[in-house]
Amino acid sequence: MARRISIWKYIDKYLLILFLLLLVGGYLTIYSSSFDGLNETGSFWSTSSGKQLIWVIISLLIGSIVLLVEGSFIHNSSYIVYVIVLLLLVGVLFMPAIKGAKSWFQFGSFSIQPSEFAKLSCSLAFARYLSSINVKFQDFRTRIKVISILIFPAILIVLQPDPGTMLVFISFVFVMYREGLSGNILLIGLLAIIIAVIGIFLKASETNFDLLGSSISGNMFFGFILLLISVLSFLIIKFFVLPRYRKEKFYRLAIVTVIGIVISLGVNHVYDNLFKDRHRNRFQIMFGIKEDRTGDGYNIYQALSAIGSGEGTGKGYLQGTLSNDKYKHVPEQSTDFIFCSWAEEWGFLGGLLFIIVYIATLIRIVMLAERQRSKFTRIFGYCVASVLFFHFMINIGMVTGLAPVIGIPLPFFSKGGSAVLTFSLLIFILLRLDAERKVVLR
Amino acid sequence: MDPFQNRRWVIILIMLGVGLIFIFRLLFIQVINKDWSNRAAQISSTIKNIQPPRGFIYDRNQKLLVGAEQAYDIMILPKDIKEKDSLIICQLFNMSIEVLRGKINEACSGYNVSYKASVFYESLTKSEYAKIAPSIGQISGLYGSIKTQRGYPHPIAAHALGYIRKISKKQYEKAKKTNQNVYSRNDYLGITGLEKIYELELRGKRGNENFLKDYAGNKVEIIEKKPAEPGKDLFTTLDLDLQLLGEELMKNKLGCVVAIEPSSGEILSMVSAPSFDPALFSGRDFPAQYEILLHNDSLKPLLNRPVYNDKYRPGSIFKLVHALIALQEGVLQPSTGFICDKNIIGCHNHEPPSNLVTAIKHSCNPYFYQVYKRIILRGKNKNYFEDSRLGLANWEEKAKNFGFGEILGVDIPEEKKGFLPNVDFYDDWYGKKRWAFSTIYSNSIGEGEIGVSPLQMANLAAIIANRGYYFTPHLVKQVGDKKINSKFIQKHTTKIDSIFFIPVVDAMEQVVLNGTASRAQLDSVSICGKTGTVENKNFNDHSVFISFAPKHNPKIAIAVYVEYGTWGGTWAAPIASVMIDKYLNRELSEKSLKKKERIMEAVILNKNSDFTF
């Protein structure tokens, strides 16, 4: 048993302040984005920004309670929380669909989205399991178990269907990397993404190359180049690498080549046969091959216009003319596209501040994680950082036109009660665990 | 020691890298590249022109001649049009599927785009729209849009008022170069008549409004507003009732009626027959109707005869001019008599023209042959040819004082100046010294080469009514709250002493009382008039009559020209008298009603007009 500590003495003030900055900034942005310029006749609490404020208060209350809870209690209840959320995820599938997805439990005018809680429960379970004595990430069985912790909620979430939230589980790769997953897998993943992106680009742009007088598709040409590179690499290995290392290198080269060619040709197949026009359009718009203001490119065109209109210093709070409820030029301006509202009203300076605060928060979390003696706290800290980072990367990438449109919220900013509660609890739990860093060793 | 703890730096580096990428991306979108900001302005705000209401046109008693009426444009939003509705649309608008396809294509090309509504079918009247409105409501992509267009309470005075029409591409480009930003692409502008002359006053000044809109295009907040300056109203000199009557009387006839208030030069009525309905031009059928009127109608209804047709020979009414000039020149006394010698020039049987009054009363041709001879041959040069030249030049100068051969300056376009044959003209025609009085004597009875517009004829009546002067005839006395152009209150004198008008006016009274125009008599008022019967080789003669009334302190001067109407007294004189009765008494007497009935039954048309334009 750990002895009682004074939470205010040991709490990390930096993270607390950064977190509160994000929470307040996020709420103000929600208020602005759902601002319709009318004099509300009804009660403030029944408006969407009013409801969000209730959720923020609930989050702070529950968070404060969490701060008073013993770290060991959190550690011990990890699996229980995991199972409860898993049951909720099963239960939600029997709920009526809202906007085509069975993602919500509806209680009057409030609704709860268990897939958000899954981000928390998986982090806890993941950390708990990996921090157990005798568990080493290098073991193949450990890896299988770790992945199965993630795979069950992921499958349940896909069934809702909510593919955006499911993708968040990819973020645990960063934690695995920190805990010993081979960097090569990360690199190969990166390589696969690069090859896929180039492949899709060549496909989407319908590029053709002249080769020996006959025109071949860009994709075939790219496959050919990949093959050429691997032959070259083979020769380099053969002539420059010592024989005793060669076998291993050849082995790796073969894997990379096969993956590269498979992806490159796979893209061909997927693009032609599995993609719908909608998807092809999205990629063409993302690569700037096609401009589409009305159809599949509407969201991103409006979003970029709103962000661009903020210019250097923005239009001022509540002064937006595109991304709020008064004008509604940007779809989903309070949820997935809420960054438009921020960037429109605060301009580049606001955007810069936002990114600095966000990255600072992430780095601070990583620093907290690294200073733990407790493995559980460290892994949990990395889970928090990874989940937040993944959301940030995909969401901002999406609204700035760098990533395809995937429905993923921006933590603390996007409207949604379950989301703000989940992200707040992630931070609060980390703060509590961190405060106990000198007390316990688990 | 944890072997992987250095991996934290890789993770932090990745985070910093992503952050930097986003910062540069934002820098590019928000600060460096202004495209997105411009696009945002396009998305969120709209500058909309506010069209000023066009000024109304009133008659002299503040009765509305041209106002506004509501009409409906059918708008099309091509992106919402459904294939399945095409048959219904074709039936509704009575168009073939090809025409419909063409219209939809048009709505997606050029200045139009498929997600913006454009005009599909123009200017349906209220009742037309009421008929199809329920069906339109069922069709996605079509809806009615209310607008105001020129409204005509009565289909009259089309030539004087003129009409407006959508600006053509050429006119638009031209206007853009000269007077900046007055017109927009869908504006209407005055093409003829008062609508053209007073275009700038009538149209007002366009305003605009820059407003923020929401995603559906609804106006949310006005950023800037410059209100439109409404067009000024025109107060014309026309008399609505008189004009209505004139148009009725001239139905099924070719010719003109022009009535002037002598004391001011205000045109009370200006009828050009046949006429057309000016409302035809303010609506959708403009091009089609225009084609029909312009090209396919040999009666030339678009022609503004009172000012444009200056090829009318005046006939006997010109004898009055000769008489006045001769009296002023002293070559004729009121008591002078001549023999009605039909060997010189044809005449009809009448009492001997022992004085000027009798001669005018019976319109004696030989008498005025002699009068004209006295004007032309003055013995100032021994040479007969030379003497004729001097005489003709003098006559031309005097006749010009009556406003002949020159533009009077009325305020509608296309006025032509008529023609007084002069020395140069005959020199060109016959050669110098190859012509003399004996060549040109037909001018003496208003035949020959003289060309006079009906407006000039009415002006002659006004001159005689005024005993020697006139004001430039005009149609507008007030624009907005600005009184008329000063050139319309300037007195033009004929340089004929008023004393010489006494016998002429007396004679004109006799013409109506017991002369050639007895059909023009009115019980209530004494009319002074003069008939003209203009010879016509191929068809009936033209019927002409000028008059004014009452004899003393005249209120109205009027000229009537009925093409192919035979005798001056047959049609032109009674038409004038009915008009005078209406204007002076407001109600037609029983006698006038009978005359009116007779006139309206007459159909006097000749499709093979002598006049070529």
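Rule-based calculations on the coordinates, nothing more; no lab input. Please read all numbers here as calculations on a predicted model, not as lab measurements. Cβ coordinates were reconstructed from backbone atoms using ideal geometry, including for glycine residues, and neighbour counts include every protein chain displayed.
Remarks
- Magnitude of the charge dipole for chain B, about its Cα centre and with charges confined to Cβ atoms of Lys, Arg (+1) and Asp, Glu (-1), is about 1420 debye.
- Listed residues A:Glu248, A:Glu206, A:Glu370, most fluctuating in chain A (Gaussian network, C-alpha, under 10 Å): A:Glu248
- Under a model in which nothing but the beta-carbon of Lys, Arg (+1) and Asp, Glu (-1) is charged, the protein assembly as shown shows a dipole of about 4100 debye around its Cα centre.
- If you take all other residues with their beta carbon under 11 Å from the beta carbon of B:Leu513, and give Lys and Arg +1 and Asp and Glu -1, the sum is 0.
- Degrees between helix B:286-295 axis and first principal axis of chain B (Cα, 0 to 90, nearest 10): 30
- Taken along the Cα-to-beta-carbon direction at a fixed 7 Å, the label points for A:Ile57 and B:Asn112 span 5.6 nm.
- Overall form of chain A: oblate. Here a/c, set by the Cα gyration tensor axes a ≥ b ≥ c, is 1.5 or more, and a/b is not larger than b/c.
- D (Stokes-Einstein, µm²/s), Kirkwood Cα radius, the range A:287-385, 0.890 mPa s at 25 °C: 160
- Charge dipole (the range A:187-286, unit charges on Cβ, about Cα centre) - positive-most of A:His279, A:Gly218, A:Ile229: A:Ile229
- For the pair B:Asp481 and B:Glu229, a Förster radius of 22 Å applied to the C-beta separation gives a FRET efficiency near 0.95, rounded to the nearest 0.05.
- Projecting the Cα atoms of B:Pro278, B:Gly337, B:Val371 onto the charge dipole of chain B, computed from C-beta unit charges around the Cα centre, puts B:Pro278 farthest toward the positive end.
- Listed residues A:Arg280, A:Arg252, A:Arg244, most fluctuating in chain A (Gaussian network, C-alpha, under 10 Å): A:Arg244
- The range B:113-175 and the range B:436-451 have their alpha-carbon centroids 53 Å apart.
- Among A:Gly63, A:Gly183, A:Gly320, the largest mean-square fluctuation in a Gaussian network model of chain A, built with springs joining Cα atoms closer than 10 Å, belongs to A:Gly183.
- Projecting the Cα atoms of B:Gly409, B:Tyr172, A:Gly350 onto the charge dipole of the protein assembly as shown (Cβ charges, centred on the Cα centre) puts A:Gly350 farthest toward the positive pole.
- Pair-distance profile P(r), taking every C-alpha pair of the protein assembly as shown, with 20 angstrom steps and integer %: 10, 27, 20, 14, 14, 11, 4, 0
- The alpha-carbon atoms of the range B:240-601 define a convex hull whose volume equals 150 cubic angstrom per residue.
- Remark: C-alpha extents of the range A:115-195 on the principal axes read 37, 34, 17 Å, sorted largest to smallest.
- Sites A:Ser217 and A:His279, calculated FRET efficiency, Cβ-Cβ separation with R0 25 Å, nearest 0.05: 0.85
- Unsatisfied cross-links (Cα-Cα over 26 Å) in the set A:Lys315/B:Lys147; B:Lys226/B:Lys482; B:Lys174/B:Lys491; B:Lys34/B:Lys169; B:Lys253/B:Lys537; B:Lys398/B:Lys433: A:Lys315/B:Lys147; B:Lys174/B:Lys491; B:Lys34/B:Lys169
- Between B:Leu87 and B:Ile499, the contour length at 0.36 nm per residue exceeds the Cα-Cα span by 140.4 nm.
- Compactness index (Cα Rg / 2.2 N^0.38 Å), the range B:292-342: 1.97
- Projected label distance in nm at A:Arg373 and B:Glu535, using a 7 Å step from Cα toward the beta-carbon: 13.8
- Here the range B:537-613 and the range A:267-332 have alpha carbon centers that stand 76 Å from each other.
- Convex hull of the range B:328-376 built on C-alpha atoms - directionally averaged projected area, nm²: 3.1
- Inter-label distance for B:His348 and B:Asp428, nm, one decimal - labels placed 7 Å from Cα along Cα-to-Cβ: 3.6
- Based on the Stokes-Einstein relation at 20 °C and a viscosity of 1.002 mPa s, and on the Kirkwood radius from alpha carbon pairs, the range B:298-439 is assigned a translational diffusion coefficient of 127 µm²/s.
- Sum of -39500 (n - 2.57) over DSSP H runs of 4+, divided by residues of chain B (222 nm, nearest 500): -10500 deg cm²/dmol
- Global geometry of the range A:246-339, whether rounded, prolate or oblate, following the gyration tensor of its Cα atoms and the 1.5 cut on a/c: prolate
- In summary, the range A:187-286 shows an alpha-carbon radius of gyration equal to 1.26 times the 2.2 N^0.38 Å reference for compact globular proteins.
- By definition, a body whose alpha carbon gyration tensor gives a ≥ b ≥ c is prolate when a/c is 1.5 or more and a/b is larger than b/c, and chain B fits this prolate description.
- Once you reduce the range B:378-435 and the range A:342-356 to the center of their Cα atoms, the two points are 87 Å from each other.
- Debye, to nearest 20: dipole size of the range A:187-286, +1 on Lys, Arg Cβ, -1 on Asp, Glu Cβ: 480
- Environment charge at B:Gly468 (Cβ cut-off 11 Å; Lys +1, Arg +1, Asp -1, Glu -1): +2
- More than 20 angstrom apart: percent of Cα pairs within the range B:491-613: 46
- Kyte-Doolittle mean at least 0.5, axial Cα span of 18 Å or more - DSSP H helices of chain A: A:13-33, A:48-68, A:78-92, A:140-159, A:183-205, A:218-240, A:338-370, A:375-399, A:417-435
- Residues of the range A:371-395 falling in the label zone of A:Asp139, defined by backbone nitrogen less than 14 Å from a point 7 Å along Cα to beta-carbon, are absent.
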